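Peer 1: Here it is, the structure, as structure tokens.
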Amino acid sequence: MMDDARIAFIGGGNMASAIIGGLIRQGLAPAQIAVVEPFAAQRARLQQDFGVAAEEHAGASLAACRLVVWAVKPQTFKEAAGQASAHVQQALHLSVAAGIRSDSIAAWLGTERIVRAMPNTPALVGKGMTALFARGSVTAAEKMQVEQVIATTGEFLWVEAEPQLDAVTALSGSGPAYVFYFLEAMTQAGAEMGLDAQQARRLAVGTFAGASELARASQEPLQVLRERVTSKGGTTYAALTSMEQDQVKAAFVKALHAACRRAEELGDEFGR
């Protein structure tokens with residue numbers, strides 16, 4: 001696929017840019033990539049950053065594309081599909097739009113060859129985590145094509161049931177924002193305790209990165225890793241006891257459930 005394919009992106013924002021950049025780094029020629037992007041400033045940015053041609057409206061040239069990546073906002077998906085559907089019915093379709101279910105996409109595009117993906121923003125630096133779901137008409141070879149594309153942005157995994165993508169959206173799709181939220185808090189606390197803001201940020205970011213790599217490398221439960229840092233009566237114990245008294249974990253779990261419900265609502269709201 002990577003040798004001769006022509007790939008279209010409907011929408012040219014951050015996630016499309018992450019995938020386009022990854023594909024070009026892996027050797028796909030800019031001439032093999034077509035983008036439909038309504039905003040002139042973003043079209044110019046894509047041309048400048050990647051050398052790819054971007055058009056304002058979907059047209060007949062999309063018929064030559066074997067894969068179409070839908071990187072539009074949920075609320076604009078139906079309209080964009082209406083404009084492009086006549087040109088892309090022979091393609092394999094990959095949607096990275098949050099919440100929009102494949103039943104809706106199939107109805108709008110008139111095809112069953114659809115894969116849904118839930119990526120996250122670390123894809124911008126090649127460290128993304130993406131979950132994938134394929135409808136029954138997608139072949140094993142087509143799944144491999146999708147894997148080739150998504151692998152340029154980081155890791156991926158397949159889920160068997162489409163509703164699982166709502167949980168993925170809450171966990172890893174929105175997850176980078178939770179990390180940044182805790183990093184903000186750690187940086188603030190560090191500054192309040194006498195460090196300068198740059199020192200506090202560097203320590204906080206480095207700690208998150210290192211702990212994540214340790215968790216990735218270890219086969220032990222996360223609880224065990226946590227307990228190894230926590231000596232009873234020590235500093236870590238004091239911090240965790242304070243968080244437990246404030247029910248931080250319970251509040252955090254509750255927040256992820258709220259995100260999952262919102263993902264379900266997006267499908268109901270914009271999938272009609």
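A short reminder: the numbers here are calculations on the coordinates, not readings from a lab. Quick caveat: nothing in here was measured; it's all calculated off a predicted structure. FYI the Cβ positions are ideal-geometry reconstructions off the backbone, even for glycines, and counts take in every protein chain you see.
Peer 1: From the set of residues in segment 102-132 that are in contact with a strand residue (DSSP E or B) (Cβ under 8 Å, 6 or more places away or on another chain) and charged (D, E, K, R), which is nearest to LEU157 (Cα to Cα)? Before you say what the answer is, go through the steps one by one.
Peer 2: Here is the first cut: in segment 102-132, the ones in contact with a strand residue (DSSP E or B) (Cβ under 8 Å, 6 or more places away or on another chain) are 102, 105-106, 109, 111, 113-123, 126-132.
This time we only want the ones that are charged (D, E, K, R), so: 113, 116, 127.
On the way: ARG113: 19, ARG116: 12, LYS127: 14 Å.
That would be ARG116.
Peer 1: Would you pick out the residues in segment 46-62 that are more than 15 Å from LEU28 (Cβ to Cβ) and among the β-branched types (Val, Ile, Thr)? Outline the logic, then answer.
Peer 2: Our first condition is that a residue be more than 15 Å from LEU28 (Cβ to Cβ); within segment 46-62, this holds for 47-48, 54-62.
Matches in segment 46-62: none.
Peer 1: Go through segment 141-176 and count every residue that is over 12 Å from LEU256 (Cα atoms) and part of a loop (DSSP other than H, G, I, E, B). It would help to see each step written out before you state the result.
Peer 2: Filtering segment 141-176 down to residues over 12 Å from LEU256 (Cα atoms) leaves 141-165, 176.
Okay, now just the ones that are also part of a loop (DSSP other than H, G, I, E, B), so 159-163.
Adding up the residues that qualify gives 5.
Peer 1: In addition: Kindly provide the set of residues from segment 37-75 that are part of a loop (DSSP other than H, G, I, E, B), surrounded by fewer than 22 Cβ atoms within 10 Å (Cβ to Cβ) and within 19 Å of the chain's Cα centre (by Cα), ordered by number.
Peer 2: LYS73
Peer 1: Please go through segment 100-124 and give me each residue that is touching a residue at least 40 places away in the same chain (Cβ under 8 Å) and not in a helix (DSSP H, G or I), ordered by number. Quick ask: steps written out before the conclusion?
Peer 2: Our first condition is that a residue be touching a residue at least 40 places away in the same chain (Cβ under 8 Å); within segment 100-124, this holds for 100-104, 116, 118-124.
Within segment 100-124, ILE100, ARG101, ARG116, MET118, PRO119, ASN120 qualify.
Peer 1: Among the residues of segment 150-163, how many are in contact with a strand residue (DSSP E or B) (Cβ under 7 Å, 6 or more places away or on another chain) and more than 10 Å from GLY128 (Cβ to Cβ)? Quick ask: steps written out before the conclusion?
Peer 2: Narrowing segment 150-163 to residues in contact with a strand residue (DSSP E or B) (Cβ under 7 Å, 6 or more places away or on another chain): 150, 153-159, 162.
The next check asks that each one be more than 10 Å from GLY128 (Cβ to Cβ); those that pass are 157-159, 162.
So the count comes out to 4.
Peer 1: Kindly list, by first and then second residue, each pair from a residue in segment 187-198 that is without any contact (Cβ under 8 Å) to a residue 40 or more places away in the chain and closer than 16 Å to ALA239 by Cβ to a residue that is assigned to a helix (DSSP H, G or I) and charged (D, E, K, R), limited to pairs with Cβ atoms under 7 Å and residues at least 6 apart or on different chains.
Peer 2: Cβ pairs passing all conditions: THR187/ARG201.
Peer 1: Can you pull out every residue in segment 8-36 that is more than 13 Å from GLY51 (Cβ to Cβ) and in a strand (DSSP E or B)?
Peer 2: If the condition is that a residue be more than 13 Å from GLY51 (Cβ to Cβ) and in a strand (DSSP E or B), then ALA8, PHE9, ILE10, VAL36 are the ones that fit.
Peer 1: Within the group VAL224, VAL205, which residue is surrounded by 15 or more Cβ atoms within 10 Å (Cβ to Cβ) and part of a helix (DSSP H, G or I)? If you could, list the steps in order and put the result at the bottom.
Peer 2: Values: VAL224 fails: surrounded by 15 or more Cβ atoms within 10 Å (Cβ to Cβ).
That would be VAL205, the only listed residue that is surrounded by 15 or more Cβ atoms within 10 Å (Cβ to Cβ) and part of a helix (DSSP H, G or I).
Peer 1: Please pick out the residue among VAL159, VAL149 that is aliphatic (A, V, I, L, M) and either without any contact (Cβ under 8 Å) to a residue 60 or more places away in the chain or surrounded by fewer than 20 Cβ atoms within 10 Å (Cβ to Cβ) (or both). So that I can check it myself, show each step before the final result.
Peer 2: Details: VAL149 fails: either without any contact (Cβ under 8 Å) to a residue 60 or more places away in the chain or surrounded by fewer than 20 Cβ atoms within 10 Å (Cβ to Cβ) (or both).
Sole residue among the options that is aliphatic (A, V, I, L, M) and either without any contact (Cβ under 8 Å) to a residue 60 or more places away in the chain or surrounded by fewer than 20 Cβ atoms within 10 Å (Cβ to Cβ) (or both): VAL159.
Peer 1: Among VAL159, VAL96, VAL179, VAL168, which is the only one that is closer than 22 Å to PHE9 by Cα and under 16 Å from the mean Cα position of the chain (by Cα)?
Peer 2: Working: VAL159 fails: closer than 22 Å to PHE9 by Cα; VAL179 fails: closer than 22 Å to PHE9 by Cα; VAL168 fails: closer than 22 Å to PHE9 by Cα.
Unique residue meeting the criteria: VAL96.
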